[in-house]
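Below is one structure, written out as structure tokens; comments come after it.
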Amino acid sequence: MSLSAEPSKISNPADDGTSAERLDAPSPVLDPRIEAEQVRQLFDLGKSGSIIIFVALAVVWLPFMSTSSIPELLIPFGLLVASQSAFNLLRLRYHSDENQEVPAKSWGDRYALICLLSGGAWGSAGVLWLPDAPFASQAVFGVVVAGLCLNTVISRHVYPRAMLGYTATAALPGMVALLIGAGWEGQLMAVLSSLMWIALYSATKTLHLTSISAIALQLQNDELVSGLAEAKADAEKKAKDAETAFAVARKAARSRQDFLSMVTHEIRSPLASLSGLAHMLEATELDEKQRSYARGVEESSRLLNRLVDDLSDLTEMEALSIKLRPTDLSPVEIAQAAIHVTRHDASSRKLSIEVDELPGTPKTIHNDPDRVKQALVNLIVRALRTTEVGGVIVRLSPVDIDEEVGIRFSVTDTGAGMPSEDAARLFSSLDNEGDHAPLNRRDVNLTICDRLVRLMGGRAGADSMIGGGFTAWFVLAPDINRHPKHRRRHTEKQRQTAANTGQVLDFDRIYELEQDLGTARIADHLGDAIHTIADLQKAISEAVRRGDHRTLRAMAESLAIEANAIGLTGLSGGASHLLDDLPDATRDQVLSERVGQLDAKFKSGANALARAYPALAG
């Protein structure tokens, strides 16, 4: 609940100009809680109905004994008795109102009315005692009343009505009596007293605003403390609930893993027996039809056994129970080992399977060899399963990762392929439900590969087109322990070096594009760029034929930019230096030779891109 009298909204009276401006300012609309707190402080004053005030009145009357009578003492004395009795009775009723049935403002106004009576006791004393008294007695009376008024300002400033009522009725009647019936000394004292009363009233306004600010701050502090306590209790409850839920989930996951481990173990035994019996049956004398049935049983048991292995792998990854054991490994040896594991399947399907290592591929990386091999085997198994004619190529190529040379494993098949956008979605996790959930369930091997690669700090993807085969790949950093951030930054010096060494493709630049565009769009982007470059090649040849060197220079600059944008460093370097150091005597002949070299570099680069992205072959 917000407070209407916040400290930021209450100006400091000392900075507001004159006292008159403060007196004329409207009173702020108080929060009911602030007003209730002010009234509570008001009723805590003088709880015992102290008799000191009665003693003070009697002592002050002593100097006036010679000029006033006993009845003139009893009148103010009686008013004091009545006011103190009324204060005690009102205070008793206020504290008995525990349910706050009466508004705080009503209690405050009642208290202010009694203050009129209490101050009136001193006002009546001033009217009765001061006119005929000597100046010394008048001065003593004035000092006492001034002290009472100052005490009231200090104690009752929280409720200005009570302070104003008391000081007005206590001081004003005496001042009027002095002005009318006293000598010049008394009249001067009356004028000074009136000025003092105005100053006290102004001080009351200042103290009142300060009290409002202090109470508002206290209420806000109480709210904050209460809110923090509630938030802490709520956070502790949520943390406890989360711990309980985590414990339950962990127990359930452990139970599921134990159950699946037991089931897969029990399934493997009969599957192994079934496969062995089918193999033994095939070795007996059977006709061709029976032999075909035996092979079918053996193949089905092998596929079921592979499915059980995949299920076990997924269960381990979901339970986060896989522990990586990184060590230095040779990517080529890993690829050859993966091919060795799957070569029997390839041979049985009459498919070829080869390794292609591109220049610049790291000789060693630091990662878990078993998990890298497992990820690669899953890609090869998937490729063999979806390929009927042709074969599979396992390609290793360099890739820039955080300004270091990482490695890209890719598996390309000659199968039917699929739309590029579907290929990109194949690496979605099995537990991601959505519009394409049936597609996600088709390739368990890809999902296993994806999760293993992510566990090793890499990323996986795919590229394909209908009728153009399928390429699945994953990228790993040179060292799993360094956790690269894939900043994908290249310097112009590195690219220039690649061009000068005769390198056809800048793999760093190509994979940088792939990271920026995504696997679903990279093939289309490269295809458009190749068509543009082909048109520029034709324009350059035509400009050479016409001898239009101005157009030739513009086309060469455009070709260098376009080729460099998609990583054709050899072509880009050749276009940049097309017109450099041309001899005058054989200018046309040298230009024709350089244009021919550009055509060769373009074809070589386009073929290399088509090998990396089969979708470009169409």
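Output the number of residues of region 85-103 satisfying the condition of being closer than 16 Å to Gln41 by Cβ, part of a helix (DSSP H, G or I) and of a type outside the set (A, V, I, L, M, F, W, C).
Number satisfying all stated conditions: 3.
Got a sec? Which helices (runs of 4 or more DSSP H) wholly within region 1-73 have at least 1 residues that are at pLDDT 75 or above and either of a type outside the set (Phe, Trp, Tyr) or within 25 Å of Met196 (Cβ to Cβ) (or both)?
32-43, 52-61
Looking at region 320-357, which of its residues are of a type in the set (A, V, I, L, M, F, W, C), modelled with pLDDT under 85 and open to solvent by 40 Å² or more (accessible area, probe 1.4 Å)?
Residues satisfying the conditions are Leu320, Leu324, Val341.
Conditions: (1) of a type in the set (D, E, K, R); (2) within 21 Å of Arg33 (Cα to Cα); (3) loosely packed, with under 15 Cβ neighbours inside 10 Å. Lys205 meets all but one. Number of the miss?
Condition (3) is where Lys205 drops out.
Could you figure out which of (1) open to solvent by 60 Å² or more (accessible area, probe 1.4 Å); (2) modelled with pLDDT of 90 or more isn't true of Val405?
Here Val405 clears every test but (2).
Determine whether region 172-195 contains at least one residue that is open to solvent by less than 90 Å² (accessible area, probe 1.4 Å), assigned to a helix (DSSP H, G or I), touching a Cys at 6+ places or on another chain (Cβ under 8 Å) and under 30 Å from Asp132 (Cβ atoms).
No, there is no match, as no residue in region 172-195 is open to solvent by less than 90 Å² (accessible area, probe 1.4 Å), assigned to a helix (DSSP H, G or I), touching a Cys at 6+ places or on another chain (Cβ under 8 Å) and under 30 Å from Asp132 (Cβ atoms).
Can you tell me how many residues within region 132-146 are open to solvent by less than 40 Å² (accessible area, probe 1.4 Å) and over 17 Å from Gly120 (Cα atoms)?
Residues meeting the conditions: 4.
Would you call Asn88 under 24 Å from Ile198 (Cβ atoms), of a type in the set (S, T, N, Q), modelled with pLDDT under 85 and surrounded by fewer than 19 Cβ atoms within 10 Å (Cβ to Cβ)?
For Asn88, the condition - under 24 Å from Ile198 (Cβ atoms), of a type in the set (S, T, N, Q), modelled with pLDDT under 85 and surrounded by fewer than 19 Cβ atoms within 10 Å (Cβ to Cβ) - is not met.
Of the numbered conditions (1) within 46 Å of the chain's Cα centre (by Cα); (2) open to solvent by 10 Å² or more (accessible area, probe 1.4 Å); (3) among the hydroxyl-bearing types (Ser, Thr, Tyr); (4) under 30 Å from Thr414 (Cβ atoms), Ser604 fails exactly one; give the number of that condition.
(1) is the only condition that Ser604 fails.
Looking at region 263-286, which of the residues that are among the acidic types (Asp, Glu) and open to solvent by 80 Å² or more (accessible area, probe 1.4 Å) is nearest to Val341 (Cα to Cα)?
Glu266
So which residues in region 578-599 are open to solvent by 60 Å² or more (accessible area, probe 1.4 Å) and without any contact (Cβ under 8 Å) to a residue 12 or more places away in the chain, if there are any at all?
Answer for region 578-599, where residues must be open to solvent by 60 Å² or more (accessible area, probe 1.4 Å) and without any contact (Cβ under 8 Å) to a residue 12 or more places away in the chain: Asp580, Asp581, Asp584, Ala585, Arg587, Gln589, Glu593.
Of the conditions (1) under 17 Å from Ile334 (Cβ atoms); (2) at pLDDT 90 or above, Gly391 fails just one. Which one is it?
Against the list (1) under 17 Å from Ile334 (Cβ atoms); (2) at pLDDT 90 or above, Gly391 comes up short only on (1).
Looking at Tyr94, is it touching a helix residue (DSSP H, G or I) at 6+ places or on another chain (Cβ under 8 Å), open to solvent by 10 Å² or more (accessible area, probe 1.4 Å) and closer than 30 Å to Arg33 by Cα?
yes
What pairs come out if I take residues in region 519-535 that are within 18 Å of Phe470 (Cα to Cα) and part of a helix (DSSP H, G or I) and pair them with residues that are modelled with pLDDT under 75 and aromatic (Phe, Trp, Tyr) whose C-beta lies under 8 Å away, six or more apart or interchain?
Within 8 Å, the pairs are Ile522/Tyr613; Ala523/Tyr613; Leu526/Tyr613.
The values are calculated or read from the model by the stated rules, or taken from the named source; none is laboratory data. Quick caveat: nothing in here was measured; it's all calculated off a predicted structure. Here the Cβ is made from the backbone with ideal geometry for all residues, glycine too, and neighbour counts use every protein chain on show. Just so you know, the surface numbers come from the protein's heavy atoms only, side chains and all, with ligands and any DNA or RNA stripped out. Shrake-Rupley method; radii C 1.70, N 1.55, O 1.52, S 1.80 Å.
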